[in-house]
Amino acid sequence: MISIVGSGRVGSTLAMILVLRNVDHVTLVDIIPGLPEGEALDLSHMASEVGVDRRIIGSNDYSSLKGSDIVVVTAGLARKPGMTRMDLLTKNAGIIASVSREVAKYAPNSKLIMVTNPLDAMTYVALKTTGFPKNRVFGMGGMLDLSRFKQLLSDYLHVSRGSIDALVIGEHGESMTPLPSYTSVNGIPLRNLLSDQQIDEAIDKTRKVAAEVIAKKGATFYAPANGISRMVEAVHYDRKALLPVCAYLEGEYGLSGICIGVPAIIGASGVEKIIQLDLKGKEKESFDKGASTLKEALASLPPT
Ligand code: NAI
């Protein structure tokens, strides 16, 4: 069973994708009375017509998390136009600490996938509050950043999005780090196909495009929910997929004691292996800047 805490825009869209892809039973939890039950009913009606026989439940009671293999947390405040993800730090840290205690109580053996922003700091709070091993608590940010980078590159290159292999790591925030050195079009290095100026433009737009979507439609949820679903499926089907995820570092990339986006092998145990890259130049600068921002953010939080 896959549970989703937070049945708002991202949570309910994720539920819809999981049902349409027929991945597993889905439980939705939220604090708003009626909301998760209403979402579950609506999704069940859709499922019945598309021939999916998964159980879909909505509840205001955290005990519904019992039996979850995977819990996805999208609960908390979302940024409004003009806000950065980091502006949500203090308020969402309190929400995530309380949600994490419930997850540890009712789904102690689950893999916990964090989504709430600021993503990297919230993943850290969830890891420390649950006391789960580090392989079982990780976050979705890079998958979304990567989908935005790929879309922009496909616009520049006029090639199918499906031909682009890209990687975005680092902070899921102002210092997100698209990696042109590890991006190719079916194996052809990106730098063979675009000028440095075009690549820099694409990186800059990748960092800013979420704010544009939020300014225009108030939130982003289709692309995030798809990114989460890819991670859920990698765990559920033990795919051993190499994906960018927010993971806890203990010496990798010269860092310890923070969660940040890195490439990792994702399978049934969660984060099965972090892949170490030898970053250089602007890519290293951007990654290190994100790490410093995160260290400062974590230092400003009360102890968990
Ligand atoms: P939303 O406002 O539509 O939904 C959030 C839901 O969380 C609400 O229904 C609210 O009632 C619920 N909630 C609040 N406290 C709760 C608690 N203690 N227990 C259970 N439910 C609780 O927000 P949206 O747009 O779905 O975004 C959710 C979060 O995901 C935000 O923090 C947003 O910034 C983040 N986000 C992260 C992305 C990423 O790439 N990591 C991408 C998009 C959004």
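Laboratory data are not the source of any read-out in this text; all were calculated from the coordinates shown. Just so it is clear, the structure is predicted and the values come from calculations on it, not from any experiment. Positions of Cβ are generated from backbone atoms using ideal geometry, with glycine treated the same way; all protein chains shown enter the neighbour counts.
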Legend entry - Dipole moment magnitude, nearest 20 debye, the chain about Cα centre, only Lys, Arg, Asp, Glu C-beta charged: 160 debye
Legend entry - For a label point 7 Å along the Cα-to-beta-carbon line of ARG191, residues of segment 264-303 with backbone N under 19 Å: 277-288
Inset, instruction - Two decimals is fine: what is log10 I(q)/I(0) at q = 0.06, 0.08, 0.13, 0.16 Å⁻¹ for the chain, from a Debye sum with one equal scatterer on every Cα and no solvent? - result: -0.18, -0.33, -0.88, -1.33
Legend entry - the chain, relative contact order [Cα under 8 Å, separation at least 6], %: 17 percent
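Any idea what the relative contact order of segment 142-299 is, in percent, if you count C-alpha pairs under 8 Å spaced at least 6 apart?
About 24 percent, as a whole number.
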Inset, instruction - Springs between alpha-carbon atoms under 10 Å, Gaussian network over the chain: tell me which of PRO180, PRO33, PRO244 tops the mean-square fluctuations. - result: PRO33
Inset, instruction - Sequence neighbours fewer than 8 away in the same chain don't count; with that in mind, list the lysines whose C-alpha is under 20 Å from LYS208. - result: LYS80, LYS150, LYS216, LYS217, LYS282, LYS284, LYS289
Legend entry - Cα gyration tensor shape of segment 248-304, rounded if a/c is under 1.5, else prolate or oblate by comparing a/b with b/c: oblate
Inset, instruction - Just tell me which lysines come within less than 20 Å, Cα to Cα, of LYS105; anything on the same chain fewer than 8 places away is out. - result: LYS66, LYS128, LYS134
Legend entry - Cut-off 20 Å (backbone N to label point 7 Å along Cα→Cβ of ASP87), residues of segment 207-237: 207-221
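Kindly provide the Kirkwood hydrodynamic radius of segment 142-299 in Å, to one decimal, from all pairs of distinct alpha carbon atoms.
16.2 Å
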Legend entry - Residue among LEU277, LEU153, LEU28 with the largest mean-square fluctuation in a Gaussian network model of the chain, springs linking Cα atoms under 10 Å: LEU277
Legend entry - Length added when fully stretched, ASP165-LEU301, from 0.36 nm per residue minus Cα-Cα: 45.3 nm
Legend entry - Reachable aspartates and glutamates, given that their alpha-carbon falls under 18 Å from the alpha-carbon of LYS91 and they are not under 8 places away in the same chain: ASP30, GLU102, ASP120, GLU296
Inset, instruction - Only helical DSSP H runs with n ≥ 4 go in: add -39500 (n - 2.57) per run for the chain, normalise by residue count and round the 222 nm mean residue ellipticity to 500 deg cm²/dmol. - result: -14000 deg cm²/dmol
Inset, instruction - Could you calculate the contour length gain from VAL50 to ASN22, that is, 0.36 nm times the residue separation minus the distance between their Cα atoms, to one decimal place in nm? - result: 9.1 nm
Inset, instruction - Measure nothing but the geometry: give the 0 to 90° angle between the long axis through the Cα atoms of 119-130 and the longest principal axis through the Cα atoms of the chain, rounded to 10°. - result: 40 degrees
Legend entry - Residue-span extension gain [TYR156 to ARG101] - 0.36 nm each, minus C-alpha spacing: 15.2 nm
